[in-house]
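The values are calculated or read from the model by the stated rules, or taken from the named source; none is laboratory data. The shown structure was predicted, so the numbers you read here are calculated from the model rather than taken from an experiment. We place every Cβ from the backbone using ideal geometry, glycine too, and count neighbours over all the protein chains shown.
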Amino acid sequence: MHLNGKPERSCTLRVAQVGNRAVTTIEGLSPDGSHPLQKAWIKHDVPQCGYCQAGQIMAAAALLAENNKPTDADIDAAMSGNICRCATYLRIRKAIHDAAANLRGEKTVDAGAVSATAGLACAEICTAHEKEVCA
Ligand code: FES
């Protein structure tokens, strides 16, 4: 979720800590699911079980609100700590790049281009920190 537009982990935040800040959840990202990230998530078939995905999208939305041309390193830094037990990290990164391109008015990535990541073992696609979690 976002508090005043900044990402926060709702799982570790007590309600009393929210104060008067504006709360935006995944449901408030767009009224009809038309946010470029939501569209990119569908296009790239990002979710697996879906458990982590609201947090992933909200973290990505906060990143793109400040940086509409993130590098892989920018994405990894912004998404760090958002653990996905299903290891959807490469699809998340592709979807963020795609949504960023959409926000810049550029041609977006062909969804077929991401199929090459399917079937990779967790250790092949995770960052070092995430490998510890997946092991
Ligand atoms: S999609 Fe299953 S935990 Fe991320």
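Considering ALA54, ALA16, ALA59, which residue is part of a helix (DSSP H, G or I) and surrounded by 18 or more Cβ atoms within 10 Å (Cβ to Cβ)? Just a single option satisfies the conditions, and that option is ALA59. When GLN48 is tested against (1) farther than 22 Å from LEU13 by Cα; (2) part of a helix (DSSP H, G or I); (3) modelled with pLDDT of 95 or more, exactly one condition is not met: (2).
Listed by first and then second residue, the pairs linking a residue in segment 43-71 that is without any contact (Cβ under 8 Å) to a residue 12 or more places away in the chain to a residue that is within 16 Å of the ligand (Cβ to nearest atom) and in a loop (DSSP other than H, G, I, E, B), with Cβ atoms under 9 Å apart and 6 or more places separating them unless they lie on different chains, are GLY50/CYS86. Based on what the data block shows, is CYS11 within 16 Å of the ligand (Cβ to nearest atom) and exposed (fewer than 12 other Cβ atoms within 10 Å of the Cβ)? Yes: the conditions hold for CYS11.
Within segment 1-27, residues that are touching a residue at least 40 places away in the same chain (Cβ under 8 Å) reach partners that are among the acidic types (Asp, Glu) with beta carbons closer than 9 Å, at six or more positions or on different chains, in the pairs MET1/GLU8; HIS2/GLU8. Could you check how many residues of segment 37-87 are within 9 Å of the ligand (Cβ to nearest atom) and either among the hydroxyl-bearing types (Ser, Thr, Tyr) or under 19 Å from ALA101 (Cβ atoms) (or both)? Counting residues in segment 37-87 that are within 9 Å of the ligand (Cβ to nearest atom) and either among the hydroxyl-bearing types (Ser, Thr, Tyr) or under 19 Å from ALA101 (Cβ atoms) (or both) gives 3.
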